[in-house]
Amino acid sequence: MQLTIKGLSKTYSNGVKALQDVSLTLTNGMFGLLGPNGAGKSSLMRTIATLQEADSGSIFLDGLDVLKEKTRVRQLLGYLPQEFGVYPRISAEQMLDHIARLKGVLQDGERRDLVQELLNKVNLSKDRKRKLGTFSGGMKQRFGIAQALIGNPRLIIVDEPTAGLDPAERNRFYNLLSHLGENTIVILSTHIVEDVSTLCSNFAIICLGEVLYTGTPDEAIAGMEGRIYSKSIPFSSVGEYRESYNLVSTQLKSGNLYIRILHEYDPGNGFVASPPNLEDVYFSNIATRVRVDTL
Ligand code: ADP
C-alpha cells in the first residue's frame, strides 16, 4: 500500500492556513506526523479520513482517489480521532459489538468471535463488562484502537493518542501500536518526540501547515552529527546565549540549566560536543518557523 499526498492546501474561513502545499508519500509501517499544537496535524488527518475537504491537492491510496471515493476509503480506514467520545453507560463489549454491526459484521457468531479477539488484542478482556465511563484514559485509548481495527483496515489513523497518558499507560499503548504496522499504513500524529523515536520507521515534521522535514529518524539524526554542542549556564544568561547562538533547546538536569545549540563547528567558549537526538532535529526545524521556548 502507498498513500500519496500531493500539494494539499486548506485555508479555513477565518483565514488560518492550516495546510500549505503538503506533499508526503507513506508506505506500510508506522509513520509519525510530528508537530506542535496548531501545526495542522488534525486538519491533515481529518482530510485523509474523508471528514473534511481540502481546497486543492490530491490524496491517493494506491489507485484510489481518497478525496473523491469516500465510501470506499471509509471501508479501508480505521480512525482514532483526537476527541474520542464514548457512551459512558455501555460496556466495552456491547459497544464493540454495536460498532462491528454498523461496520457490516452481521453474522452473530462471527461478530462475537471478533469482539473477543479485539478485546484480547488490546488487553481489555477482563474489563469487557465494565462501563466505558469508568475507563481510565489509557483504557479508553486502547478501546479506541480496538474499534479502529474492526474490518481489517489497510490505513489506520491515530490522532495524538498518547497525550494525557501516564508513563505506564503510554508504554502499554506503545506495545499495542508497535504490532499494527506490518501490512498496514499507520499514521500517528503527535507533538511528543518520544512517540516517534519509539515507534516510527518514517516521520515528517509539520509546522504552521508546512512540511519541514521528512525521512527516517536515523537519517534525521545522522544529518545533525557533529553540529550539536551543549553547555551548563546560569539561568540569567539564557537571553544572552539566545542572542549569540542558534539555541535548539534548554534542559534542566538536577537543577542545573543546560543549553543545546546548533553550530557548524566547535564554538569553544566551554561548549562540549554532544551526540544529536531526535529532539534536536525537531526543535531546530520548528525554530525556523516559530520561537521555541522550552524554559
Ligand atoms: P494540530 O492538530 O496540529 O494541533 P489543527 O489542524 O487542529 O492542528 O489546527 C491547525 C490550525 O487551524 C490552528 O491554527 C487551528 O486553530 C486552526 N483550525 C483548526 N480547525 C479549524 C476550524 N474548523 N476553523 C478554523 N480554524 C481551525
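The values are calculated or read from the model by the stated rules, or taken from the named source; none is laboratory data. Computed from a prediction, not measured in an experiment: that's the story for all the values here. When we count neighbours, we look across all protein chains shown, and the Cβ atoms used for this are built from the backbone with ideal geometry, even at glycine. Heavy atoms of the whole protein, side chains included, go into the accessibility calculation; ligands, DNA and RNA do not. Shrake-Rupley method; radii C 1.70, N 1.55, O 1.52, S 1.80 Å.
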task: Run down Ala168, Ala146, Ala163 and say which single residue is assigned by TED's automatic domain parsing to the domain that holds Gln75 and open to solvent by less than 10 Å² (accessible area, probe 1.4 Å).
output: Ala146
message: Going by what's in this entry, would Ser254 be described as more than 30 Å from Ser23 (Cβ to Cβ), open to solvent by less than 60 Å² (accessible area, probe 1.4 Å), more than 21 Å from the chain's Cα centre (by Cα) and of a type in the set (Gly, Ala, Ser)?
response: no
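Each row is one residue, and each column tells you yes or no for (1) over 21 Å from Thr198 (Cα atoms); (2) within 20 Å of the chain's Cα centre (by Cα); (3) of a type outside the set (Gly, Ala, Ser).
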{"residue": "Thr250", "(1), (2), (3)": "yes, no, yes"}
{"residue": "Ile261", "(1), (2), (3)": "yes, no, yes"}
{"residue": "Pro267", "(1), (2), (3)": "yes, no, yes"}
{"residue": "Ala273", "(1), (2), (3)": "yes, no, no"}
{"residue": "Tyr282", "(1), (2), (3)": "no, yes, yes"}
{"residue": "Thr288", "(1), (2), (3)": "yes, no, yes"}
{"residue": "Arg291", "(1), (2), (3)": "yes, no, yes"}
- prompt: How many residues, within segment 85-120, are free of Cβ contacts under 8 Å to residues at least 24 places away in the same chain, under 12 Å from Ala146 (Cβ atoms) and open to solvent by less than 40 Å² (accessible area, probe 1.4 Å)?
  reply: 1
task: Inspect all residues belonging to segment 72-92 and state whether any of them is under 29 Å from Val292 (Cβ atoms), in the same structural domain as Ala146 (by TED's automatic domain parsing) and polar (S, T, N, Q).
output: yes
Residue count for segment 29-65, restricted to those that are open to solvent by less than 60 Å² (accessible area, probe 1.4 Å), in contact (Cβ under 8 Å) with a residue 60 or more places away in the chain and more than 16 Å from the ligand (Cβ to nearest atom): 3
message: Return the residues of segment 203-224 that are out of contact with any Phe, Trp or Tyr (no Cβ under 9 Å at 6 or more places or on another chain), in a helix (DSSP H, G or I) and not acidic (Asp, Glu); say none if nothing qualifies.
response: Ile221, Ala222
- prompt: Can you tell me which residues in segment 265-290 are under 23 Å from Thr214 (Cβ atoms) and not hydrophobic (A, V, I, L, M, F, W, C)?
  reply: Pro275, Pro276, Asn277, Glu279, Asp280, Tyr282, Ser284, Asn285, Thr288, Arg289
task: Tell me which residues, restricted to segment 123-143, are at pLDDT below 90 and open to solvent by less than 10 Å² (accessible area, probe 1.4 Å).
output: Gly138
Extreme residue, nearest to Gly38 (Cα to Cα), among residues of segment 181-203 that are aliphatic (A, V, I, L, M) and buried (at least 22 other Cβ atoms within 10 Å of the Cβ): Leu188
- prompt: Would you pick out the residues in segment 141-165 that are among the charged types (D, E, K, R) and under 17 Å from the mean Cα position of the chain (by Cα)?
  reply: Arg142, Asp159, Glu160
- prompt: within 16 Å of the ligand (Cβ to nearest atom) and outside any helix (DSSP H, G or I) - does that describe any residue in segment 164-179?
  reply: yes
field: Counted residues, segment 204-248 - those being small (Gly, Ala, Ser), open to solvent by less than 20 Å² (accessible area, probe 1.4 Å) and over 26 Å from Leu8 (Cα atoms)
entry: 1
- prompt: Only one of (1) of a type in the set (S, T, N, Q); (2) open to solvent by 20 Å² or more (accessible area, probe 1.4 Å); (3) within 16 Å of the ligand (Cβ to nearest atom) fails for Asn152. Which number is that?
  reply: (3)
